[in-house]
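Structure record follows, encoded as structure tokens.
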Amino acid sequence: MTHQRRWINLAVLGSGKGSNFSAIAKAIAQGEIAAKIAVVVSDNPKALILEKARQLAIPAVVLPQGKYKTWLEPWIEEELVRILKQYNTELVVLAGFMRVLKETFLASFEGKTLNIHPSLLPDFKGKEAWKAALKAAVKETGCTVHWVSKELDGGKIIAQSKVPVYPADSPEELHARIQQAEHELYPRVLKEICLDWINQKL
């Protein structure tokens with residue numbers, strides 16, 4: 001009788017501080033998510049997420065530096081796919097990854113890649129969505145976990161969390177409130193998805 005593995009192998013992709021990565025890693029360590037972070041990948045060699053991964057003894061890999069700021073050239077996406085497959089990645093988790101992923105990546109990982117966006121999609125797609133929410137003078141915004149698709153911030157929505165927008169908010173204050181919601185929502189969604197996938201395997 002073969003032993004049935006009871007966790008999902010995650011890869012976390014990030015470009016910055018890694019606060020969502022920390023929230024997810026903490027939830028895994030506390031036994032709340034049936035997952036293992038197999039590798040952390042960044043497009044930014046100075047990203048704090050890499051240092052946080054190393055502190056937890058998680059492999060941390062930096063992608064080659066390409067010519068463009070907002071997307072990866074196909075050969076770099078090929079390298080990303082190779083890295084993810086090397087670490088037996090089942091589910092890719094984008095946590096502040098500031099590149100648009102395109103066909104070369106999605107050919108291997110569409111339907112297996114999650115992102116969290118700092119707005120209530122479909123409102124305020126793209127960068128610095130909290131600033132757009134403030135400018136639009138909405139009364140609430142929040143964050144959205146969704147599947148990654150070819151359309152920027154346009155994949156199927158899985159879950160959302162709302163936060164109030166106050167008239168006196170600075171962009172930094174609103175962003176901090178949204179991030180707090182992200183740190184609760186992302187682990188909760190991952191818990192459910194990993195359990196579902198494990199149960200499907202049994």
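Here are some notes:
- Around Lys67: net Lys/Arg minus Asp/Glu count, Cβ-Cβ under 14 Å: -1
- Between helix 19-29 and the chain there is an angle of about 50 degrees, using the helix long axis and the longest principal axis of the Cα atoms.
- Accessible area of the chain belonging to carbon and sulfur atoms, whole % at 1.4 Å probe: 53
- Remark: the range 71-79, residue by residue, has Karplus-estimated 3J(HN,Hα) of 8, 9, 5, x, 5, 6, 4, 4, 5 Hz, where x stands for each Gly or Pro and the curve is 6.51 cos²θ - 1.76 cosθ + 1.60 at θ = phi - 60°.
- Note that the range 1-118 shows a convex hull volume over its alpha carbon atoms of 116 Å³ per residue.
- Rounded to the nearest whole Hz, the Karplus-based 3J(HN,Hα) values (6.51 cos²θ - 1.76 cosθ + 1.60, θ = phi - 60°) of the range 188-193 follow the sequence 5, 5, 4, 4, 5, 5, with x at glycine and proline.
- Accessible area per residue for the range 43-202, computed on protein heavy atoms with a 1.4 Å probe, is 54 Å².
- For Cα extents along the principal axes in Å, the value calculated from this model appears in (1) 60, 39, 32; (2) 56, 53, 29; (3) 61, 37, 28 under label (1).
- The accessible-area ordering, largest first, of the residues His117, His175 stands as His175, His117, per a 1.4 angstrom probe.
- Note on Glu151 and Ala168: the extension gain reaches 2.8 nm, defined as 0.36 nm multiplied by sequence separation minus the Cα-Cα distance.
- Less than 5 angstrom separates the built amide H of Ile158 from those of Val145, His146, Trp147, all sequence-distant by 5 or more or on a different chain.
- Here the relative contact order of the range 50-145, from alpha carbon pairs under 8 Å that lie six or more residues apart, stands at 21 percent.
The values are calculated or read from the model by the stated rules, or taken from the named source; none is laboratory data. Computed from a predicted structure; not experimentally measured. Glycine also receives a Cβ, built like all others from the backbone with ideal geometry; neighbour counts cover every protein chain displayed. Only protein heavy atoms, including side chains, enter the accessible area calculation; ligands, DNA and RNA are left aside. Shrake-Rupley method; radii C 1.70, N 1.55, O 1.52, S 1.80 Å.
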